[in-house]
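The values are calculated or read from the model by the stated rules, or taken from the named source; none is laboratory data. Just so it is clear, the model here is predicted, and its values are computed rather than measured. Cβ placement follows ideal geometry from the backbone for every residue including glycine, while neighbour counts extend to all protein chains displayed. To get the accessible areas, we keep the full protein, side chains included, count just its heavy atoms, and leave off ligands, DNA and RNA. Shrake-Rupley method; radii C 1.70, N 1.55, O 1.52, S 1.80 Å.
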Amino acid sequence: MRFNWNLKYIKMSKWFYTFSIIITLLGILSLSIFGLNYGVDFRSGSNVDVNLTKVVTQEQIQTLLNKQEIGKEVDYTQGKERFGIRFSQVLTDQQVNNFKTSFNKELDPKASFEVNTVDTEMAQELERNALWAILLASVAIAIYISIRFEWRFAVAAIVSLLHDAFLVISIFSIFRLEVDLTFITAILTIVGFSINDTVVIFDRIRENLRFAKKKSRDDLEQVVDHSIAQTMTRSLATVFTVFIASLCLFIFGGESIRMFSLAMVIGLLFGAYSSIFIASPLWVALKGKQKSPTAGGGAAKTAKS
Amino acid sequence: MKRILSFIVVVLITTGVMIGTSPGLLNSLKLGLDLKGGFEILYEAQPLEAGQSVTSQSLIQTAQSLERRINALGTTEPEVTTEGTNRIRVRLAGVSNEAEVRSMLKKPAELTFRSATAADAKKPGQYSKIELRGNDFVENGAVVGYDQLNQPEISIKVKDKAKFAEITKRLLNKELAIFLDQELLSAPTVRGELTDGSASITGSYTRDEANKLADTINLGALPLKLTEKYSQSVGATLGQLSLDQTIRAGLIGSIIILVFMIAMFRVPGLVASFCLIVHTWVVLAIFYLGGFVLTLPGIAAFVLGIGMAVDANIITYERIKEEIKSGKTIRSSVIAGSKASFRTVMDANVTTIIAAAVMFGLGTGSVRGFALVLIVDIVTSILTNIFFSRFLLNLLVKADVVKKAKYFGVKESDISAL
C-alpha cells in the first residue's frame, strides 16, 4: 500500500457526525413508522421453505393452499429453486403434513421442505433476550475497556458500537429486509467485531500518547490523526478479509444464512467506518474537555500493563 | 541450517498429521439437523394439576420419558435437553417418520385410575373421581405376564403403597376404571386390599392388546404436560444443499483470503496461510473431540472466524513492516513487531470473546451454537495465528532465510535510515 493516509480525520469528523446522525434519524423514523420486517422467529406463525426441483408458480401454490383452506394471509418470497411461504397462522402438524403430501403429489415430487413454527410468547422472549444480550455485552465490554484503557475510551467505543448496531437495524428497517434469529447473531458479532477494530486504533492512540506533547487540543488531534493513519492499512486489510468471508457467505452460502451474511457485510463496513470517524473524534472531544493540561496522563498510567 | 531443518520438519509433520486425520475427522463430525435434515421442538412444561409447580426433578423425569418414547420408536440419536426451569428441547436428526414421532411426543397421554362417585352411580360406566395419575406409577413398572389360565395380565407398581392400600380397601368389590385421557381402557373390579404396592389388571386381552396397554401405562407416566413453543423441521435434501453451499462459500472465501495474505505480506503471509489451515484443522478437531454438533450458523461462524483469525497476523505483520521501515534489521523488527502487537491482538480478541460469551449465556439453540464456534475459533486462533505463526516465522528469520525487506512486502525505498 503506497497511499498517504495522513489526513485530518478529526477535523473532517463533523461531516461524518452529520452523516451518522442523518442515518440514525432516518432509522428512528423508519423504525417508528414501519418497524422491522420480522421473520417467523419473532412473529408468531409458520414458515415453510420449499426447495424445488422444477418450475412451480406462486398461483399453483396459492391454489393448493386454498384447497386446504390455509391460503389466507400468506406472504411469498421467491428465490432460485426456492420458495418461501409465510403463514401468519400457526400451522398444525396435520396441516403441514397435508401440505407436504399434496405438494409432492401435485406440483413437485422431489421438493424438500423446511418448516419453522414459533409461538408468539416465544417470539417476544427471543426479542427481549436479544436486546438484553446487546446491552449486557456493551456493559461487559465497557468494563473491560475501562480497566485496560480509561473511561473516555470506553464511552467512545460503546457509542460507536451502539451506533453500528443501530445503523444495521435501521438499514434493515428502511429496506424492509427480514429480521430473524440469525440477524441477532449477526448484530452481536458486529458488536464484537466493531469493538475489535476500535480497540486496535485506541491501542495505537494510547501508545503514541506516551511520547507525544500534549499541550493543546491540536496536539491531541494530531496524535489521533497520526494513529489512525498508522493503523489504516491494517484496518483496511482486516475489513477486507472479514468482508470477503461474509460476502462469500452471502453470495454462495445457503438461503437460511443469507440475511445473516448481509447484516454482517453492512455491519462490518459501518464498524470500520465508525472506529475511525466516530469513536476516535469522540474520544478527542471527551479528552479535550479535560481540565488539566496534562491530558493523556490517565492513559499513560494504564498503558504500563 | 538447524533452524531451517526444524522449520521444514515442523511443517511436514503438521501437514502429515492434517492430511492423515482430516478424512476421518470430517466424516465423524456430528452435523446438526439443519445440515442433515430432521426436526427440533421446544416444549414448555406445565404441571398436570393446577397449583402445582414444575420442579427440576420432574422436568428431568419428563425429558427422560420423552427420550424413552423416541427410542421406543427406533429413531437414532435423539437429543433431549432441559432448558431453563420449564423447557425441554428435542432434536432429532435424520428422521424419516417425522409425523409419527411428533404425534407420539406431542400427545403425552394422561393415564388416570378413576372410581365412580355416588353421582356417577346413576349412569353406569361413569367414573369421575380420579384416584391415581400416571405419575403415581413406577416408571417402566408395567409388565405383561400370564395368569393361571394363561390369559395375559398386566402387573403394575405404584410409588406410594399406603395410598394404594387405602384406595383398594375403600373400593373393595367396586370398579377401578383405567382411563387414557378421556378414553376408558378397562374397568377391573378390585378383588382385595393391595398392600404391597403392586396390582394386576386382568381382562380378556389378547397378547397384543396387553402389550399396548402396558406400553401406554409406561409412557403415560409423564410427570408434566407439554406444549409446543417452537419447531423447526428440515428436509434431508435441503440440509445437504445448505451444507454444500456453505462449504463452497467457505472455500472460496478462504482461498481469496489466503491469496490476499500472500500478496500483501509475502513470506509471513505464507506462514499465516499455513497457520490458517492448521487453525481450521484444530477447530474441527476440537469439535470432534468435544462431541459438538456443527450447525449452519456454526459453519458461518467458522468462515467468519477465518477472516478474524488472520486479523492477528495482519496486525502483527503490519507492525513488523513499520519496524522494518523505521530502519531496524529484519530480526529485531520481527521481535519488536511481535511484542508490540501482542497486547493489541489480545485486547481485540478479549472484547470479541466477551460478546460471544454473552451470546452463549443468553442465547438458545442456534445462537448458542454460533457463539460456541466463535469462542473456540478465537481461542484457537490465539494459539495458531499468534503463537504458532510467531514460532514458525522466528525459525525462518533466525535461520537467515528471509533476509530481505521485500520478503515482508516492504519496498527498499520505504525504509528510512536510522
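Which members of region A:188-218 meet the condition of being more than 10 Å from chain B (Cβ to nearest Cβ) and part of a helix (DSSP H, G or I)?
Within region A:188-218, A:Ile205, A:Asn208, A:Leu209, A:Arg217, A:Asp218 meet the criteria.
What is the one condition in (1) in contact with a Leu (Cβ under 8 Å, 6 or more places away or on another chain); (2) at the interface with chain B (Cβ under 8 Å from one of its Cβ atoms) that A:Phe103 does not satisfy?
(2)
Hey, among B:Arg191, B:Arg266, which residue is assigned to a helix (DSSP H, G or I) and basic (Lys, Arg)? Outline the logic, then answer.
On the way: B:Arg191 fails: assigned to a helix (DSSP H, G or I).
None of the others qualify; the one that does is B:Arg266.
Could you figure out which of (1) surrounded by 17 or more Cβ atoms within 10 Å (Cβ to Cβ); (2) small (Gly, Ala, Ser); (3) within 13 Å of chain A (Cβ to nearest Cβ); (4) within 18 Å of B:Met264 (Cα to Cα) isn't true of B:Ser413?
(1)
I'd like to know if region A:101-119 contains one or more residues that are more than 25 Å from B:Leu241 (Cβ to Cβ) and among the hydroxyl-bearing types (Ser, Thr, Tyr).
Within region A:101-119, none of the residues are more than 25 Å from B:Leu241 (Cβ to Cβ) and among the hydroxyl-bearing types (Ser, Thr, Tyr).
Exactly one of (1) in contact with a His (Cβ under 8 Å, 6 or more places away or on another chain); (2) within 12 Å of chain B (Cβ to nearest Cβ) is unmet by A:Ile278. Its number?
Failing condition for A:Ile278: (2).
Give region B:351-375 a look and list any residue that's more than 9 Å from chain A (Cβ to nearest Cβ) and farther than 17 Å from B:Arg89 by Cα, or say none.
Passing the criteria: B:Leu372, B:Val373, B:Ile375.
Can you find a residue in region A:257-267 that is assigned to a loop (DSSP other than H, G, I, E, B), surrounded by fewer than 22 Cβ atoms within 10 Å (Cβ to Cβ) and either among the basic types (Lys, Arg) or more than 14 Å from chain B (Cβ to nearest Cβ) (or both)?
Step one: filter region A:257-267 for residues assigned to a loop (DSSP other than H, G, I, E, B), giving none.
For region A:257-267, residues assigned to a loop (DSSP other than H, G, I, E, B), surrounded by fewer than 22 Cβ atoms within 10 Å (Cβ to Cβ) and either among the basic types (Lys, Arg) or more than 14 Å from chain B (Cβ to nearest Cβ) (or both): absent.
Among the numbered criteria (1) open to solvent by 50 Å² or more (accessible area, probe 1.4 Å); (2) without any contact (Cβ under 8 Å) to a residue 60 or more places away in the chain; (3) more than 25 Å from A:Glu121 (Cα to Cα), which one does A:Tyr17 miss?
Every condition holds for A:Tyr17 apart from (2).
For residues in region A:144-172 being of a type in the set (Phe, Trp, Tyr) and more than 20 Å from the chain's Cα centre (by Cα), which is nearest to A:Thr24 (Cα to Cα)? First the steps, then the outcome.
In the first step, residues of region A:144-172 are kept if they are of a type in the set (Phe, Trp, Tyr); the result is A:144, A:149, A:151, A:153, A:166, A:172.
Pick out the ones that are also more than 20 Å from the chain's Cα centre (by Cα) and you get A:144, A:149, A:151, A:153.
Details: A:Tyr144: 27, A:Phe149: 28, A:Trp151: 25, A:Phe153: 22 Å.
Per the stated criteria, the residue is A:Phe153.
Across region B:40-62, what is the number of residues that are of a type in the set (A, V, I, L, M, F, W, C), more than 10 Å from B:Asn86 (Cα to Cα) and buried (at least 20 other Cβ atoms within 10 Å of the Cβ)?
The total comes to 2.
Would you check if there is a residue in region B:233-254 being polar (S, T, N, Q), under 30 Å from B:Ser56 (Cα atoms) and within 21 Å of the chain's Cα centre (by Cα)?
Looking only at region B:233-254, we keep the residues that are polar (S, T, N, Q), and these are B:233, B:237, B:240, B:242, B:245-246, B:254.
Checking the rest, the ones that are also under 30 Å from B:Ser56 (Cα atoms) come to B:233.
Now restrict to residues that are within 21 Å of the chain's Cα centre (by Cα): B:233.
Yes - at least one qualifying residue is present in region B:233-254.
Taking region B:273-321 as the search range and keeping residues that are open to solvent by 20 Å² or more (accessible area, probe 1.4 Å), aromatic (Phe, Trp, Tyr) and over 18 Å from B:Gly369 (Cβ atoms), which one is nearest to the other protein chains (Cβ to nearest Cβ)?
By that ranking, first place goes to B:Phe274.
From A:Glu125, A:Glu114, grab the single residue that is touching a residue at least 24 places away in the same chain (Cβ under 8 Å), open to solvent by less than 50 Å² (accessible area, probe 1.4 Å), within 13 Å of chain B (Cβ to nearest Cβ) and acidic (Asp, Glu). Spell out the reasoning first.
On the way: A:Glu125 fails: touching a residue at least 24 places away in the same chain (Cβ under 8 Å).
Checking each option against the conditions leaves just A:Glu114.
Out of all the residues in region B:347-374, which are farther than 24 Å from A:Glu125 by Cβ and either surrounded by fewer than 24 Cβ atoms within 10 Å (Cβ to Cβ) or not polar (S, T, N, Q) (or both)?
Answer for region B:347-374, where residues must be farther than 24 Å from A:Glu125 by Cβ and either surrounded by fewer than 24 Cβ atoms within 10 Å (Cβ to Cβ) or not polar (S, T, N, Q) (or both): B:Asp347, B:Ala348, B:Asn349, B:Val350, B:Ile353.
Answer yes or no as to whether B:Thr237 is open to solvent by 50 Å² or more (accessible area, probe 1.4 Å), within 9 Å of chain A (Cβ to nearest Cβ) and not in a helix (DSSP H, G or I). Reasoning before the result, please.
On the way: open to solvent by 50 Å² or more (accessible area, probe 1.4 Å): yes; within 9 Å of chain A (Cβ to nearest Cβ): yes; not in a helix (DSSP H, G or I): no.
Judged against the criteria, B:Thr237 is not a match.
Residues are listed down the side, and each one gets a yes or a no for (1) buried (at least 16 other Cβ atoms within 10 Å of the Cβ); (2) more than 21 Å from A:Phe172 (Cα to Cα); (3) touching a Leu at 6+ places or on another chain (Cβ under 7 Å); (4) among the hydroxyl-bearing types (Ser, Thr, Tyr):
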| position | (1), (2), (3), (4) |
| --- | --- |
| A:Ile23 | yes, no, yes, no |
| A:Leu29 | no, no, no, no |
| A:Tyr38 | yes, no, no, yes |
| A:Phe42 | yes, no, yes, no |
| A:Ser46 | yes, yes, yes, yes |
| A:Glu69 | no, yes, no, no |
| A:Lys80 | no, yes, no, no |
| A:Ile85 | yes, no, no, no |
| A:Pro109 | no, yes, no, no |
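Considering A:Met12, A:Met1, which residue is surrounded by fewer than 19 Cβ atoms within 10 Å (Cβ to Cβ), in contact with a helix residue (DSSP H, G or I) (Cβ under 8 Å, 6 or more places away or on another chain), in a loop (DSSP other than H, G, I, E, B) and modelled with pLDDT under 90? Walk me through it before giving the result.
Details: A:Met12 fails: in a loop (DSSP other than H, G, I, E, B).
Just a single option satisfies the conditions, and that option is A:Met1.
Quick check on my filter: what residues within region A:74-100 are in contact with a helix residue (DSSP H, G or I) (Cβ under 6 Å, 6 or more places away or on another chain) and at the interface with chain B (Cβ under 9 Å from one of its Cβ atoms)?
Listed by number, the residues that qualify are A:Asp93, A:Asn97.
Quick check on B:Ile378: is it within 13 Å of chain A (Cβ to nearest Cβ), more than 20 Å from B:Leu276 (Cβ to Cβ) and open to solvent by less than 50 Å² (accessible area, probe 1.4 Å)?
no
Can you pull out every residue in region A:231-256 that is within 8 Å of chain B (Cβ to nearest Cβ), touching a Phe, Trp or Tyr at 6+ places or on another chain (Cβ under 8 Å) and open to solvent by 10 Å² or more (accessible area, probe 1.4 Å)?
Selection gives A:Thr233, A:Phe240, A:Ile244.
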